[in-house]
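Below: the structure, in structure tokens.
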Amino acid sequence: MRKRFGVSIIGGSGYGAGELLRFLNSHPDIEVVEVVSRSHAGKPISSVHSHLESICSLNFQSAPSLAWCHGYQRGALICAMPSGQAAATISQLQEAGLPDNADIVDLSGDFRLTDQVTHEAFYPEAPFAPELRQSFVYGLPELRGGTLPGARHVTNPGCLATAAILALLPLKHEIFAGAVVIDAKTGTSGAGREPQASMHHPSRCSDFTAYKTLQHRHEPEILQALGEAFSSRNSLMFVPHLIPIPRGIFITAYMTCDTNRLPGDVTRIFTEHYKDFPFIRCRPAPPRLVDVIGTNFCDIHVTTRGNQIVAMAALDNLGKGMAGQCVQNLHVMWGLPINSALTMPALGPV
């Protein structure tokens with residue numbers, strides 16, 4: 001029996017698309033209608049995503065078809081293409097005429113930043129397209145007062161930005177003395193499936209290094225999401241590091257408040273802020289990556305000493321940092337149960 005909601009995944013050969021297919025495989029209300037990849041057109045999905053053998057019976061399509069949307073209550077085109085390519089593809093789909101019940105979720109960074117100068121500095125490969133950009137809503141469900149319900153166009157947050165924002169969000173109204181320092185560790189799958197010399201196994205397996213120090217494109221996204229009050233009061237230093245694991249992000253944020261804070265008070269700020277969000281787990285001890293890999297959960301821990309606060313967040317860059325968050329956004333957009341197909345636990349042990 002056909003489900004009420006359908007999706008098309010455009011850019012279906014990447015890690016994010018494979019993870020979307022895994023999350024949506026058992027979804028009670030949403031089904032994947034087509035998966036588009038020009039370079040693999042006609043091939044079975046499992047020829048690229050071998051872990052989906054006997055799970056997904058679809059073949060890759062060469063181009064998206066918009067006609068299928070008419071058979072569903074609502075449909076979504078999920079663009080899982082690299083930055084630059086995504087904006088061009090979405091513009092072409094708009095020009096072709098999307099059905100009235102067709103929504104868009106973009107997993108790239110092409111529509112995340114609202115300021116033109118900042119966008120052009122960090123995403124020079126993608127045109128600013130102001131009219132189209134205005135129609136996109138930032139897709140982080142834990143941002144209170146958001147406009148996700150009923151949204152037609154949603155831009156998925158960056159994976160590092162998601163972890164950093166969630167680690168800092170309950171403290172966005174605090175006044176800090178000095179810079180907020182974000183130390184970010186990320187696995188290599190965040191760089192995508194395409195081979196790169198810097199991600200080659202011999203280069204990464206026993207190494208640890210920082211990259212794009214104070215220049216990462218997720219930094220302005222973090223400031224934008226936390227609001228002008230945060231960015232005008234505090235400077236931010238964001239330093240990402242590559243760690244030799246395939247997936248996972250661990251954020252440690254260091255802050256110095258203007259006055260002393262009691263540990264219990266800060267912990268309560270976090271638990272109160274996230275009490276209505278089932279995919280944020282406030283932990284009594286520092287989180288572990290093994291507890292979130294393969295899931296849509298973000299585990300957070302905060303500790304305090306005098307006027308010093310350290311907040312930690314761990315998530316899967318392909319889960320809550322990408323595909324899981326995309327499915328969660330669809331739930332909010334369409335008014336579906338927030339937990340559907342997203343409560344699978346991590347493997348333990350691994």
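The values are calculated or read from the model by the stated rules, or taken from the named source; none is laboratory data. Predicted model only: the values in this text are computed from it and were never measured. Because the Cβ atoms are built from the backbone with ideal geometry, glycine has one as well, and the counts that use them run over all protein chains shown.
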Residue 298 outside the structural domain of residue 241 (by TED's automatic domain parsing), under 23 Å from residue 137 (Cβ atoms), touching a strand residue (DSSP E or B) at 6+ places or on another chain (Cβ under 6 Å) and touching a residue at least 40 places away in the same chain (Cβ under 8 Å): no
Six or more apart or on different chains, Cβ atoms under 6 Å: show the pairs whose first residue is in segment 327-341 and under 15 Å from residue 32 (Cα atoms) and whose second is part of a loop (DSSP other than H, G, I, E, B) and of a type in the set (S, T, N, Q). 341/26
Among the residues of segment 14-31, which ones are crowded, with 23+ Cβ neighbours inside 10 Å and not in a helix (DSSP H, G or I)? 14, 30
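Taking the condition within 15 Å of residue 223 (Cα to Cα), in contact (Cβ under 8 Å) with a residue 60 or more places away in the chain, in contact with a helix residue (DSSP H, G or I) (Cβ under 9 Å, 6 or more places away or on another chain) and surrounded by fewer than 18 Cβ atoms within 10 Å (Cβ to Cβ), does residue 162 pass?
no
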Which is touching a residue at least 12 places away in the same chain (Cβ under 8 Å) and surrounded by fewer than 24 Cβ atoms within 10 Å (Cβ to Cβ), of 310, 292? 310
Which one is farthest from residue 4 (Cα to Cα) among residues in segment 31-84 that are out of contact with any strand residue (DSSP E or B) (no Cβ under 8 Å at 6 or more places or on another chain) and aliphatic (A, V, I, L, M)? 52
Checking the condition in contact with a helix residue (DSSP H, G or I) (Cβ under 9 Å, 6 or more places away or on another chain) and in contact (Cβ under 8 Å) with a residue 40 or more places away in the chain, which residue from 8, 54, 47 passes? 8
Subset of segment 78-113 (residues that are in contact with a Lys or Arg (Cβ under 9 Å, 6 or more places away or on another chain), modelled with pLDDT of 95 or more and of a type outside the set (A, V, I, L, M, F, W, C)): 103, 106, 109, 110, 112
Matching residues, segment 281-321, being closer than 19 Å to residue 262 by Cβ and among the polar types (S, T, N, Q): 303, 304, 307, 308
Residue 337 meets each of (1) outside any helix (DSSP H, G or I); (2) closer than 29 Å to residue 176 by Cβ; (3) not acidic (Asp, Glu) with one exception, condition (2)
Quick one: residue 105 ticks every box in (1) in a helix (DSSP H, G or I); (2) buried (at least 18 other Cβ atoms within 10 Å of the Cβ); (3) in contact with a helix residue (DSSP H, G or I) (Cβ under 6 Å, 6 or more places away or on another chain) except a single one, so which number is it? (1)
